[in-house]
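Readers should treat all values here as calculations from the given coordinates under stated rules, not as data from a laboratory. What you are looking at is a predicted structure, and each value in this text was computed from that prediction instead of being measured. Glycine gets a Cβ as well: all are built from the backbone with ideal geometry, and neighbour counts include every protein chain shown.
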Amino acid sequence: MTRKELIEDVSRKTEQPKARVAEVIAAAIDTVGAALVREERVQIHGLGVFETRMRAAKVGRNPATGESVTVPAQRVVKFRPAQDLRDRVAQA
């Protein structure tokens, strides 16, 4: 599902104009992104938990040359789905 499809689906279900739904979705995404930048945990009941974690440095390989390359440690976003979401997907 794309952002456009999400906006259309939410607009249809809530009977709200697509422009208004697009603003709300954009604001929600911006808010979650800003919280993750501040290294805050974002928990949305029924959906899951977004949080950042530090990924350790590692040695990788350049696929073109086969040369070893050091990949530095970096902060990454992790998502853990809520149990309700996992159950709904498993039953589908």
> Any idea how far apart K4 and A26 come out in nm if each label point goes 7 Å out from Cα toward Cβ?
Replying inline: 1.6
>> Between V59 and R38, how high is the FRET efficiency from 1/(1 + (r/R0)^6) when r is the Cβ-Cβ distance and R₀ = 35 Å? Nearest 0.05.
In response: 0.70
>> Out of the trypsin sites (Lys or Arg not before Pro) in the chain, which ones are loop residues according to DSSP with at most 13 other C-beta atoms within 10 Å?
In response: R38, R41
> Of the labelled options (i) 24, 16, 10; (ii) 27, 12, 11; (iii) 34, 17, 16, which one gives semi-axes √(5λ) of the Cα gyration tensor in Å as computed for this structure?
Replying inline: (iii)
